[in-house]
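Working notes for the structure below.
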Amino acid sequence: MSYLWMDGIIGISGSLLIAGAAYWKRSLSASGAAAAVVLGSAMYMLGSAPWFGTLIAFFISSSLLSKWKRRRKAEAESGYAKGGRRDAGQVLANGGLGLVLCGLAALWPHNAWWFAYLGVMATVTADTWATEIGGLSKRMPRFILTGREVPPGTSGGITPLGLAASAAGGLFIGFVAWSLGELQGGGELLGQDTARSLPVLLGLCLAGGICGSLADSWLGAVCQAMYRCKVCGKDIEKNRHCEAEAVRTRGFNWMTNDVVNAISSLAGGLISALMGFLYLTVI
Ligand SMILES: [Zn+2]
């Protein structure tokens, strides 16, 4: 009982510290900070260090990248659904599925949950890195469906730099998960050695991250709601611009950027879980 109390206190104060700093640094809105505290505390209590640690690695690396050269990206970002400050919707779209998987692993311990979780974290990291770093590309993005050049910041636009960044983001998560697993010396959820080996973790996260972030671009290009501003004529992801209602030009109303992120992280999680399953059964 006392251990549970200690876990709770460490989890809540650690999450408060990180979310508080992110709020202070304007990476999170008030609702985003509240959601991050709940998510972080729950993850700490349900999972072990590699679970909590990969979430933190995603969060800190993404916040730092968003801050980096913000001014250079300001123009491309003005049409984005949301600015640099993450709100509760974005935090949950990125971390909610991870928490569900962590809870499932606590209830029914199995490596499949861990692999799926890694795929989810690899996807959200790869996707954020691709957006932040790819946004600095000197080359014009090409639309994932047609290969035609599109303006920077367009949903579904991809650049070689962005693809390289998403590969790096996936590998980063694999490396962090491996390091924490080694430090911890193997917890109850990481029993099998194969589930802890560096090449396996890097491979799973690379595949999950790239597939997940490509799924994100594809969904963004095909299904995401897009609007056109009636005042300035700009194509945007939000339904208001220039202080006026914008017209929907394509996609489904409910398919917001947060929904696209949540579905693509599920896709990345499935890819990694499938690969991990095949690896453990075939090899
Ligand atoms: Zn406008």
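For K67 and S197, a Förster radius of 41 Å and the Cβ-Cβ distance give a FRET efficiency of 0.75, rounded to the nearest 0.05. Give the distance, in whole Å, between the Cα centre of segment 195-243 and the Cα centre of segment 91-128. For segment 195-243 versus segment 91-128, the Cα centre distance is 18 Å.
In plain terms, the chain from V247 to V100 could stretch by 49.3 nm, reckoned as 0.36 nm per residue minus the Cα-Cα distance.
Only lysine pairs 8 or more places apart or on separate chains count here, and in the chain those with Cα atoms under 27 Å apart total 25. Helix 88-107 and the long axis of the chain differ in direction by around 20°, with both axes built from C-alpha atoms.
Against the chain, whose longest principal axis comes from its Cα atoms, helix 111-134 is set at around 30 degrees.
Among residues other than L266 with Cβ under 14 Å from its Cβ, the summed charge is -3 (Lys and Arg +1, Asp and Glu -1).
Between A168 and V282, the simple label model (points 7 Å from Cα in the Cβ direction) yields a spacing of 3.1 nm. Restricted to Cα atoms, segment 127-283 shows a radius of gyration and a Dmax of 18.7, 59 angstrom.
Once the Cβ-Cβ distance of M45 and W254 is raised to the sixth power relative to R0 = 35 Å, the FRET efficiency obtained is 0.60. In the chain, the DSSP-assigned H stretches of four residues or longer account for a calculated mean residue ellipticity at 222 nm of -23000 deg cm²/dmol, using -39500 (n - 2.57) per stretch and the full residue count as denominator.
Ranked from largest to smallest solvent-accessible area, with a 1.4 Å probe on the protein heavy atoms, V37, V260, V282 come out as V282, V37, V260. Cα-based values for the chain, radius of gyration first and Dmax second, are 18.9, 61 Å. Amide H contacts of I158: R142, F143, I144, each under 5 Å away and 5 or more positions distant or on a separate chain (H built 1.01 Å from N in the peptide plane; Pro and chain starts excluded). For the peptides 166-179, 14-27, residues were scored by their other Cβ atoms within 10 Å and the scores averaged per peptide; the highest-first order is 166-179, 14-27.
The values are calculated or read from the model by the stated rules, or taken from the named source; none is laboratory data. Computed from a predicted structure; not experimentally measured. Here the Cβ is made from the backbone with ideal geometry for all residues, glycine too, and neighbour counts use every protein chain on show. Just the protein is used for accessible areas: all its heavy atoms, side chains included, with ligands, DNA and RNA removed. Shrake-Rupley method; radii C 1.70, N 1.55, O 1.52, S 1.80 Å.
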